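To start, the structure under review is shown below, and the notes come after it.
The values are calculated or read from the model by the stated rules, or taken from the named source; none is laboratory data. For clarity, every value in this text was computed on a predicted model and none was experimentally measured. No Cβ is skipped: glycine too gets one built from the backbone with ideal geometry, and neighbour counts run over all protein chains shown.
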Amino acid sequence: MSISVDVAKLPLLLTELRLPTIKQFWEEFAERADKEGWPASRFLATLAELELAERERRRIQRHLVEARLPSGKTLDTFDFSAVPMVSKAHVMALAAGDGWLDQGKNLLFFGPPGGGKTHLSAALGHTLIDNGFRVLFTRTTDLVQRLQTARQDLALASAIDKLDKYDLLILD
């Protein structure tokens with residue numbers, strides 16, 4: 001079987017296949033593969049890994065924007081020593097997903113103002129997004145107002161369907 005290939009069409013083909021990262025880097029890696037004598041499988045695997053990594057990076061970025069999490073509130077910046085009743089090990093298990101999301105369980109954080117509830121919940125949200133979950137952070141009053149407006153507009157079912165796409169709703 002003989003296949004005729006026009007390399008000049010490759011950028012167009014990669015665009016059509018929606019492979020923007022491969023389109024961006026194929027020439028650079030083809031040159032390197034030629035110089036270093038890579039087998040075709042290594043060349044192809046390298047490009048595929050780059051494409052997947054970039055898709056994952058874009059997915060995380062898109063989900064972070066969509067989540068509307070407060071910036072700077074991550075587990076790295078949470079001071080566990082300031083809140084000794086919060087177990088770092090337990091929080092890390094929760095941040096891994098730990099099955100509680102799949103089971104539809106809730107987390108409730110109680111405490112006085114300034115105790116780190118918002119920071120901790122946002123930090124969990126950031127980590128869960130990194131682990132592949134979809135998260136929405138919103139003030140409870142904003143969510144209630146949004147749902148009341150949707151009910152008045154006879155669009156409550158649609159509004160609830162939109163919320164249902166998230167694995168976790170963080171209500172502050």
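Scan ALA45, ALA67, ALA8 and give me the residue that is in contact with a helix residue (DSSP H, G or I) (Cβ under 7 Å, 6 or more places away or on another chain) and either without any contact (Cβ under 8 Å) to a residue 40 or more places away in the chain or closer than 25 Å to ARG134 by Cβ (or both).
Answer to the selection: ALA67.
Answer with yes or no whether ASP161 is closer than 28 Å to GLU56 by Cα, assigned to a loop (DSSP other than H, G, I, E, B) and charged (D, E, K, R).
When the stated conditions are applied, ASP161 does not pass them.
Considering only the range 127-143, state which residues are among the β-branched types (Val, Ile, Thr) and under 17 Å from ASN106 (Cβ atoms).
VAL135, THR138, THR140 - these are the residues of the range 127-143 that are among the β-branched types (Val, Ile, Thr) and under 17 Å from ASN106 (Cβ atoms).
Among THR118, THR138, which is the only one that is touching a residue at least 60 places away in the same chain (Cβ under 8 Å), over 24 Å from GLU56 (Cβ atoms), among the hydroxyl-bearing types (Ser, Thr, Tyr) and surrounded by 12 or more Cβ atoms within 10 Å (Cβ to Cβ)?
After applying the criteria, what remains is THR138.
Which ones in the range 147-172 are within 29 Å of THR74 (Cβ to Cβ) and either in contact with a Ser or Thr (Cβ under 8 Å, 6 or more places away or on another chain) or in contact (Cβ under 8 Å) with a residue 40 or more places away in the chain (or both)?
ASP167, LEU168, LEU169, ILE170, LEU171, ASP172
On the basis of being at pLDDT 95 or above and either assigned to a loop (DSSP other than H, G, I, E, B) or not assigned by the TED database to the domain that holds ASP167 (or both), does LEU52 make the cut?
In short, yes.
Checking ALA93 against (1) in contact with a helix residue (DSSP H, G or I) (Cβ under 6 Å, 6 or more places away or on another chain); (2) surrounded by fewer than 17 Cβ atoms within 10 Å (Cβ to Cβ); (3) of a type in the set (A, V, I, L, M, F, W, C); (4) in a helix (DSSP H, G or I), which single condition isn't satisfied?
Of the numbered conditions (1) in contact with a helix residue (DSSP H, G or I) (Cβ under 6 Å, 6 or more places away or on another chain); (2) surrounded by fewer than 17 Cβ atoms within 10 Å (Cβ to Cβ); (3) of a type in the set (A, V, I, L, M, F, W, C); (4) in a helix (DSSP H, G or I), the odd one out for ALA93 is (1).
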